[in-house]
1. Can you name every residue in the range 338-368 that is more than 27 Å from Gly421 (Cβ to Cβ), of a type outside the set (Val, Ile, Thr) and open to solvent by less than 20 Å² (accessible area, probe 1.4 Å)?
2. Here are some residues: Ala56, Ala41, Ala34. Which one is open to solvent by less than 40 Å² (accessible area, probe 1.4 Å), part of a helix (DSSP H, G or I) and either at pLDDT below 90 or of a type in the set (A, V, I, L, M) (or both)?
3. Count, please, the residues in the range 306-328 that happen to be closer than 19 Å to Arg350 by Cα, out of contact with any Asp or Glu (no Cβ under 9 Å at 6 or more places or on another chain) and surrounded by fewer than 18 Cβ atoms within 10 Å (Cβ to Cβ).
4. Please report, ordered by residue number, the strands (runs of 3 or more DSSP E) entirely within the range 174-247 with at least 3 residues that are touching a His at 6+ places or on another chain (Cβ under 7 Å) and surrounded by 14 or more Cβ atoms within 10 Å (Cβ to Cβ).
5. Would you say Glu575 is of a type in the set (Asp, Glu) and assigned to a helix (DSSP H, G or I)?
6. Could you look through the range 414-467, keep only residues that are outside any loop (DSSP other than H, G, I, E, B) and small (Gly, Ala, Ser), and pick out the one that is most open to solvent (accessible area, probe 1.4 Å)?
7. Do you know which residues across the range 601-647 are assigned to a helix (DSSP H, G or I) and among the charged types (D, E, K, R)?
8. What's the number of the condition Gly538 fails, among (1) in a loop (DSSP other than H, G, I, E, B); (2) in contact with an Asp or Glu (Cβ under 8 Å, 6 or more places away or on another chain); (3) open to solvent by less than 10 Å² (accessible area, probe 1.4 Å)?
Amino acid sequence: MSMQRRSLLGAAMAAPLMSVPAWAQGTPAPIPMADFFKSAALMQPRLSPTGKFMAALREVKGRWNIVVVDLATRKATIITNFTDGDVTDLRWITDERLLFSIHDQERGSGDQIASGLFAINRDASDFKQLSERAFLSDGQKLLPASADFLRTVFENGKPTNEVLVTVGSRQAKGKVSSNIYRLNTITGRHSIVSLGGPGDVIHWVLDTRLVPRAAVSRSEDSLTLHVRDSADAPWRAVYSYNQLDVAQTLNPLSFDAEGNLYVSAYAGNDNLGIYRFDLKSGQLDKEPVAAIKGYDLDGGLMMSPDGNRLIGVSYEAARPGTYWIDEKMVAIQAAVDKQLPGQHNMIQLRGPEDARVALILSSSDRDPGSFYLFDLKSGSFEGIGRAKPWINPSQMRPTTFFRYPARDGLSIPGQLTLPAGEGKFPLIVLHYGGPWVRPIHWGFDARVQFLVSRGYAVFMPAPRASTGFGIKLYKAGWKQWGLGMQDDVADGVKYLIEQGKIDSSRVCIMGASYGGYMTMMGLVKEPKLYKCGINWVGVTDPNFMFTVTWADFNRFGGPDTTLRVLIGDPEKDAEQFKQTSAVHRAAEIKQPVLMAYGGLDVRVPLINGEKMLAALRPHNPNVEWVVYPDEAHSGWRTDTTMDFFGRVEKFLAKNL
């Protein structure tokens with residue numbers, strides 16, 4: 001096999017993406033903060049259905065636009081020229097037509113408008129707006145802004161210019177429902193295809209003929225799976241469970257050509273696996289299609305190019321990967337991994353059986369992403385470009401997954417990234433929030449690498465209440481805000497100190513959203529362990545999860561049963577809420593604190609920070625405070641992120 005490094009997109013760019021970057025031309029200078037946080041040079045490369053063309057996003061005059069490459073001639077053409085928005089969510093429909101949305105990276109995250117759906121031909125003709133946004137339409141009724149791509153419509157085995165989209169709506173009392181529409185991307189005309197389906201559907205699954213055959217409806221805390229045998233057959237309920245009875249979880253994922261429904265379920269185990277579900281008996285197969293001990297598999301089904309059979313399952317264990325069922329894909333993956341060792345190599349396969357080409361998206365904990373074309377016949381690679389060519393992977397630091405024991409013996413997952421060199425390092429404890437999500441992932445993390453480049457070790461825990469690692473860890477965190485969840489984090493820090501890797505006198509805790517709450521309660525409960533804290537967009541009192549009615553999860557009303565199980569009951573557990581409120585216990589926080597909030601945040605509204613600030617200032621002179629008026633909870637503009645992490649860098653240098 002050969003590895004070519006020529007850039008396919010060089011002709012379309014001011015400089016080839018695969019040119020020798022500055023860091024390779026001499027002794028590297030200290031890495032500027034901007035290198036970590038500025039936008040990538042290349043994003044979202046996509047092969048067309050036949051594999052004859054490739055589309056990607058690149059900056060043109062400061063805005064993300066679409067470039068299309070003819071892989072036969074290697075000619076690259078920029079086909080959009082947006083100056084007031086940025087293309088995102090790029091995908092091919094046919095070899096001639098592309099679908100995309102528009103974002104505005106120059107607006108604050110709280111000042112965004114609906115992204116919409118748009119279509120254009122690869123020769124830049126027949127541009128069409130398909131759903132509502134801020135643009136004026138031609139008088140034709142558009143789909144609502146909530147329209148979201150589902151599948152391309154195929155006829156006689158070939159893609160057409162029509163797609164299926166879901167349109168969601170939110171009603172009174174917290175009800176959420178969705179419908180499926182068939183949308184012509186040339187004319188914009190659309191028609192509903194889910195009439196007669198069950199009510200209050202939150203999730204649809206199509207069969208290989210694009211017929212809605214499975215649907216999940218919600219009624220308060222109960223979820224019901226409905227199925228039907230054909231487009232004309234009646235719907236019937238085959239499985240129902242309370243979503244708080246986690247062990248009974250059953251998520252429908254996909255059909256194959258034989259009518260098998262694949263689902264994710266626990267099936268009596270601690271971890272989610274992938275199973276076949278018998279529509280007639282309502283039972284799971286006894287053996288899973290795929291399962292990994294210690295890690296949940298909740299999706300990631302890889303279907304054959306024609307959509308007829310399951311060929312693999314992508315997973316996230318200590319590292320991400322793909323379990324291939326198809327033997328040809330096993331061989332292709334092995335060939336790619338041999339050429340690109342130590343990387344997470346995702347394979348995007350397109351084209352007919354006898355002339356297939358693969359697009360390889362290769363990344364790691366030290367590499368933001370490199371892209372290659374892989375010729376299946378010759379086994380040769382050709383470089384397309386790199387996401388951030390100014391990042392030198394050899395200057396980045398590896399991330400290690402590990403598990404450690406909590407004080408009650410529960411096994412807690414975590415990740416550690418150490419700076420170069422020897423000795424005991426100052427430590428940043430970092431958590432991005434949730435808490436009912438998988439909070440740690442192996443891959444390039446700009447925030448982590450920036451902090452490590454400044455000499456700090458970074459520890460990211462997945463305390464109880466985290467998902468992705470099984471029922472036991474998840475349920476152990478119910479009603480444990482500020483209690484067991486908090487202790488798990490401290491236990492992880494103490495474990496690392498015992499390993500001799502960390503300077504126990506220099507530990508700072510930092511987090512966003514729930515991680516911001518974790519930060520403030522960490523300062524309360526462990527004043528000797530944490531020397532400072534950085535809270536951005538963090539919850540500061542569990543009561544606010546119920547009383548701040550303008551938060552996005554409260555504004556539509558409806559029952560709060562789930563929150564009362566996961567966090568606690570504000571009335572029955574009033575004393576616990578009082579003891580686990582950072583606002584209530586603010587007088588105990590003596591360490592320096594940096595807090596940052598978005599003025600337009602509706603997930604964790606600004607009042608969380610304002611109440612915390614008011615409670616801290618009479619007792620603590622070392623509080624730094626910043627509000628970004630047009631930002632929301634996440635997705636901050638690059639200049640906002642740069643400003644915030646500039647403050648973080650100075651704060652840590654001063655206090656750690």
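The values are calculated or read from the model by the stated rules, or taken from the named source; none is laboratory data. All of these numbers come straight from a predicted model, not from anything done at the bench. Glycine also receives a Cβ, built like all others from the backbone with ideal geometry; neighbour counts cover every protein chain displayed. Heads up: the accessible areas ignore ligands, DNA and RNA and are worked out on the full protein's heavy atoms, side chains in. Shrake-Rupley method; radii C 1.70, N 1.55, O 1.52, S 1.80 Å.
1. Leu340, Asn345, Gly351, Ala358, Leu359, Ser362 - these are the residues of the range 338-368 that are more than 27 Å from Gly421 (Cβ to Cβ), of a type outside the set (Val, Ile, Thr) and open to solvent by less than 20 Å² (accessible area, probe 1.4 Å).
2. Checking each option against the conditions leaves just Ala34.
3. Of the residues in that region, 6 qualify.
4. 176-184, 212-219
5. Against the criterion (of a type in the set (Asp, Glu) and assigned to a helix (DSSP H, G or I)), Glu575 qualifies.
6. Per the criteria, the residue is Ser453.
7. If the condition is that a residue be assigned to a helix (DSSP H, G or I) and among the charged types (D, E, K, R), then Glu610, Lys611, Asp639, Asp643, Arg647 are the ones that fit.
8. It fails just one condition, (2).
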